Structures are given as structure tokens and as C-alpha cells.
Amino acid sequence: MKNLKKQKTEYLLREIGELDDALIAEAIEYRSKRKSLSRTWLIAAAVTLVFALTVGGNLISRLNLFVGNKGEGTLDREEFKIQSVEALFLENKSQRLFDGRLVNSSEELPYFSDCAHIVWQNIGESGYYVSQGLKSSEIEMLKEEMGNGVQTGVSSPTLNYKVWVLYGDGKVTSPYLKQTDGNISGEIFDYEAEIIPEEKFVQILLEALQ
Amino acid sequence: MEDTKIVDLYWARDERAIRESDTKYGRMLTSLSYSLLYSHEDAEECVNDTYLDAWGAMPDARPTYLGAFLSKITRRISIDRYRRLHSEKRGGIDNISMELSDIIPDRESSDFDFENGRLKDALNSFLYSLDKEKRVMFILRYFYSKSIGEIAFQMGIGEAKIKTTLFRTRQSLQKYLEGQGLL
């Protein structure tokens, strides 16, 4: 009897593999409706906040340019340079703009997955937050902006958050790094910021995370 | 690239079809195979075999949902590989098989319809009768072999609810199949 039950189970397992394509496609595309609620006003509020911080920050930096003669393209006021992505995650901590799944160790991260994920860590804490899976259009838009940004100069700013992009094919990088082969790894790694991502990247990131 | 355009490439015997399939669905297929086999190397081989199979299936086949079409091939190849290798390592297949065995009653019965596709039709009908949330949950678990945690995260639902819903769905499926004379 046990063998017959095992045979039937195996047959059921295989027949599930022959379900209608439409059913399987529906599951691929399914995203939680709860994450889509109030999307429009949340995006509007967050974009306004990011715009205020970056434009406001730019104005402050123009009033305090190049102390120490670091040259064009680098900025002197570290604390405002890191506001954009930092502000995003700081604001998220209080306002819950988007969700992240907490994992305790880097081994639990989805390095090989059917989609890309954003991972962030609050410096001083040991766990990692993992975003929902990104759509391929979202990761393509982020990729276009990755590596663009203002160089940090000789000394890297102190970050409150470390952020990585897991592409889902085993490759990992960070938006705070130039997109060279040496800055792409197979797992989470520590780094010093080489660039500060631009406002456009932050806007795309926020939309992708919600 | 849209699915229809990729399928057109297969039909035109243009090898870009494989590249485009991999770009669009490679990660998903690798994840599916890995969740069944728990081996990165085996998963990669199964995905490569998937593209070969798809190349052989088209023309003739012209799938509307290419992702679903490829997923079915990957799943079948992965299960075959797992059974063939008789691996002693526990794969994702064993976990979902254990749950699916709940649906099969313990009594001796020869009423199970092994041929002519009645079970497949019944499964499709049953799933279409469910609400979308339950249906997606079932497919993510028993087709894609996703863990409870992964399903909970993707669907934005707590793990306890996922487990309860899957349990009840399995019970409902058992009753449905018995009603159809298939168990």
C-alpha cells in the first residue's frame, strides 16, 4: 500500500507540473496588493522629501565649496553628501516607506534568486534587511544609474547604512561604488563609499522598493 | 524583450532566442531548479537542458506565456534528475512530496487515473475554482517549490496563515479529487 501511495504522490507531483500556463504565469506575476496600497501618495511624499533634502543640500554645499582644495567634482561637507540614500533609509525607519525582510546572517541572503533584491544594513546592527524582488525593468533602470555620482574624495564619508544590490545571479555590488569588476563580488562585503549616488538613483530606488 | 518576440526567434531558429530567454527568465528558472535540487551545479545544468528542450519544442509549440512554458520544462527536468541520481541529500522535492502525500488516502484503491490526463484537467478546474490568493499560494508551493518564508514574503502574508491555507487547500483538493472519482 505504501508503494501505491508513493506512486500516486509522485504522479500528482508531476501532474502539477502540467498545469495551465496561465495559472503558472499568474503566480509569477503576483505581487502583494498590500504593498501597492497608497502607492501614489507615498511616492509623492517621499519624492518631495528627497527633493527637499538634495536640492536643499546642494544649496548648502554651494555656499561652502572646496575647502581644502579638493577639486571639482568632490564635495567637502560629508554630512550632507550622504543624505540622499541615507535619508531614504533613515526616513524608512520612522515612516515605513517600504518593507524589508530581516535575516540574521549574510548566508541567508538570496544570492541566487529569480530576481534582484536590495539589501541594507543599519551600521551597528548585525542583521540585514532584504527588499521584495525587483522587476527586471526596475533593476535595468537602477543599473543605468549605478556608478554615477559625486566622488567622495580622499576620505570616505561615514555611513549609517550600508546598501548592496543582489542581482540574483550570484553577483553583488553597491551603489556607493564605481561599477568596475573589482567592486562586484559573489557575496555581501564591506566597503568604503567611493561615490555618492545621485538623486535620480534615489528616486528609482524608492519606487522599486515600494 | 516580449515573450512573443522571443518565441518568434525560436521559430526563426535564431540562436538569440536562447540568450533572450536566459536574460529574461534565467534567474527564475535557476531558482526553481535549485529549490528542487538544492545544488547550484545541477540547477545550472537543468536550466541549460531547458533551453535545449525549448529549442526542440519550437516550432510546433507557440506558448503564450513563455515563462510558464520554460518553468514547466525546468521543473520536469529537475524532478527527473533528482529521481535519476537517487541522491541521498534531501531536496525540495521531498518536502513538497510529503505535503502532497496528505492528499492521497491511505486506503488501498485502484481508482487512481494514471492515464488520459483526467487528473491534470481536474487540478486545473480545482485551482480555477479557488480565489486568486489561495491559487497563487498553491502554485508557488507545489509547482515552484518555494519555502513558506519565501511565499509569505512575496505575498505579504504571515507564515502561519500560509501554512493553514495550504493545509486547508490540500484537504479541499482531496475532497474534490475523491468527488471526481480520481482517488
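The values are calculated or read from the model by the stated rules, or taken from the named source; none is laboratory data. Predicted model only: the values in this text are computed from it and were never measured. All Cβ positions, even for glycine, are placed from backbone atoms using ideal geometry, and neighbour counts span all protein chains on display.
Considering only residues of the range B:40-56 that are of a type outside the set (D, E, K, R) and in contact (Cβ under 8 Å) with a residue 12 or more places away in the chain, which is farthest from B:Leu9 (Cα to Cα)?
B:Ala43
For a quick check of your reading of the model, give me the residue pairs whose first member lies in the range A:18-43 and is at the interface with chain B (Cβ under 7 Å from one of its Cβ atoms) and more than 17 Å from B:Lys132 (Cα to Cα), whose second is at pLDDT 55 or above and surrounded by 11 or more Cβ atoms within 10 Å (Cβ to Cβ), with beta-carbon atoms closer than 6 Å and at least 6 apart or on different chains.
Close Cβ pairs (under 6 Å, with a partner that is at pLDDT 55 or above and surrounded by 11 or more Cβ atoms within 10 Å (Cβ to Cβ)) amount to A:Glu18/B:Lys120.
Based on this model, can you work out whether B:Ile77 counts as crowded, with 17+ Cβ neighbours inside 10 Å, modelled with pLDDT under 90 and under 20 Å from the mean Cα position of the chain (by Cα)?
No, not satisfied.
Condition first: within 14 Å of chain B (Cβ to nearest Cβ), on the phi < 0 side of the Ramachandran plot and of a type outside the set (Gly, Ala, Ser). Can you find one or more residues in the range A:147-160 that meet it?
The answer is no, given that none of the residues of the range A:147-160 is within 14 Å of chain B (Cβ to nearest Cβ), on the phi < 0 side of the Ramachandran plot and of a type outside the set (Gly, Ala, Ser).
For the range B:97-106, enumerate the residues that are in a helix (DSSP H, G or I) and facing another protein chain (nearest Cβ under 7 Å).
B:Ser97, B:Leu100, B:Ser101, B:Ile103
When only residues in the range B:84-127 that are among the basic types (Lys, Arg) and more than 30 Å from B:Ile6 (Cβ to Cβ) count, which is modelled with the highest pLDDT?
The qualifying residue modelled with the highest pLDDT is B:Arg118.
Do we find that B:Asp22 is touching a Lys or Arg at 6+ places or on another chain (Cβ under 9 Å), without any contact (Cβ under 8 Å) to a residue 60 or more places away in the chain and among the acidic types (Asp, Glu) in this structure?
no
Checking A:Ser155 against (1) part of a loop (DSSP other than H, G, I, E, B); (2) over 11 Å from the mean Cα position of the chain (by Cα); (3) at pLDDT below 85; (4) surrounded by 14 or more Cβ atoms within 10 Å (Cβ to Cβ), only one condition comes out false. Which one?
Result: A:Ser155 passes all but (4).
How do the pairs read when you match residues in the range B:2-14 that are more than 12 Å from B:Asp60 (Cα to Cα) and without any contact (Cβ under 8 Å) to a residue 24 or more places away in the chain with residues anywhere that are assigned to a helix (DSSP H, G or I) and not charged (D, E, K, R), using Cβ under 7 Å and keeping only pairs 6 or more apart or on different chains?
Pairs that qualify, where the first residue is more than 12 Å from B:Asp60 (Cα to Cα) and without any contact (Cβ under 8 Å) to a residue 24 or more places away in the chain and the partner is assigned to a helix (DSSP H, G or I) and not charged (D, E, K, R), are B:Leu9/B:Ala17.
Go through (1) at pLDDT 85 or above; (2) within 14 Å of another protein chain (Cβ to nearest Cβ) for A:Glu187 and report which single condition fails.
(1)
Kindly provide the set of residues from the range A:111-148 that are in a loop (DSSP other than H, G, I, E, B), touching a residue at least 24 places away in the same chain (Cβ under 8 Å) and over 13 Å from the mean Cα position of the chain (by Cα), ordered by number.
Selection gives A:Tyr111, A:Ser113, A:Asp114, A:Ile123, A:Gly127, A:Gly147, A:Asn148.
Starting from residues that are of a type in the set (A, V, I, L, M, F, W, C) and buried (at least 22 other Cβ atoms within 10 Å of the Cβ), keep the ones in the range B:29-58 and report whichever is nearest to the chain's Cα centre (by Cα).
B:Leu32
So, in the range A:185-197, how many residues would count as being under 14 Å from A:Gly149 (Cα atoms) and surrounded by fewer than 17 Cβ atoms within 10 Å (Cβ to Cβ)?
Number of matching residues: 0.
Name the single residue that is farthest from B:Cys46 (Cα to Cα) among those in the range B:59-71 being without any contact (Cβ under 8 Å) to a residue 40 or more places away in the chain and surrounded by fewer than 20 Cβ atoms within 10 Å (Cβ to Cβ).
By that ranking, first place goes to B:Asp60.
With respect to A:Asp169, determine if the residue is surrounded by fewer than 18 Cβ atoms within 10 Å (Cβ to Cβ) and within 14 Å of chain B (Cβ to nearest Cβ).
Spelling it out, A:Asp169 is indeed surrounded by fewer than 18 Cβ atoms within 10 Å (Cβ to Cβ) and within 14 Å of chain B (Cβ to nearest Cβ).
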